[in-house]
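The values are calculated or read from the model by the stated rules, or taken from the named source; none is laboratory data. What you are looking at is a predicted structure, and each value in this text was computed from that prediction instead of being measured. Every residue, glycine among them, receives a Cβ derived from its backbone with ideal geometry; neighbour counts consider all protein chains shown. For accessibility, only protein heavy atoms count, side chains too; no ligands or nucleic acids. Shrake-Rupley method; radii C 1.70, N 1.55, O 1.52, S 1.80 Å.
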Amino acid sequence: MKFTCNIIIEKPVAQVVRLFDDQKHLKDWQEGFLSKTPVSGRQGTNGAKAKICVKTGDSIMELTETILNNNLPLQRSFLYEHPQTDNTVAHTFAALTPSTTRWTV
């Protein structure tokens, strides 16, 4: 399954990307986010791996996150692996105006 979501944010692209890249804000944009623990590689760089824990309903799901492509402030993509599924997610950021950003997932 593939889908695209566009979100218009009334903030400059530099501010949106800075907040997106700040680990302490993961809980603000990832529903059910509980924790992220580095596993290997330099975090924020291509190939870096981390363990992500997310609450889904009454259970906790553990995923392995791998950064596939870090080209911030324009784009960052991830691979999320779980024994039952794998998921690739790409985030792109575009300035629509000096004070408005389109975030595409």
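Okay, here's what the table says:
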{"quantity": "Per-region count, segment 55-84, residues over 13 Å from the mean Cα position of the chain (by Cα) and β-branched (Val, Ile, Thr)", "calculated": "2"}
{"quantity": "Residue that is surrounded by the fewest Cβ atoms within 10 Å (Cβ to Cβ) [pool: residues in segment 28-78 that are of a type in the set (A, V, I, L, M) and under 20 Å from Val16 (Cβ atoms)]", "calculated": "Leu74"}
{"quantity": "Filter pass, Ala90 being part of a strand (DSSP E or B), modelled with pLDDT of 95 or more and open to solvent by less than 60 Å² (accessible area, probe 1.4 Å)", "calculated": "yes"}
{"quantity": "Members of segment 79-93 that are in contact (Cβ under 8 Å) with a residue 24 or more places away in the chain and under 16 Å from Leu19 (Cβ atoms)", "calculated": "His91, Phe93"}
{"quantity": "Residues satisfying the stated conditions in segment 1-21, i.e. without any contact (Cβ under 8 Å) to a residue 24 or more places away in the chain and either under 13 Å from Arg76 (Cβ atoms) or surrounded by 13 or more Cβ atoms within 10 Å (Cβ to Cβ) (or both)", "calculated": "Arg18, Leu19"}
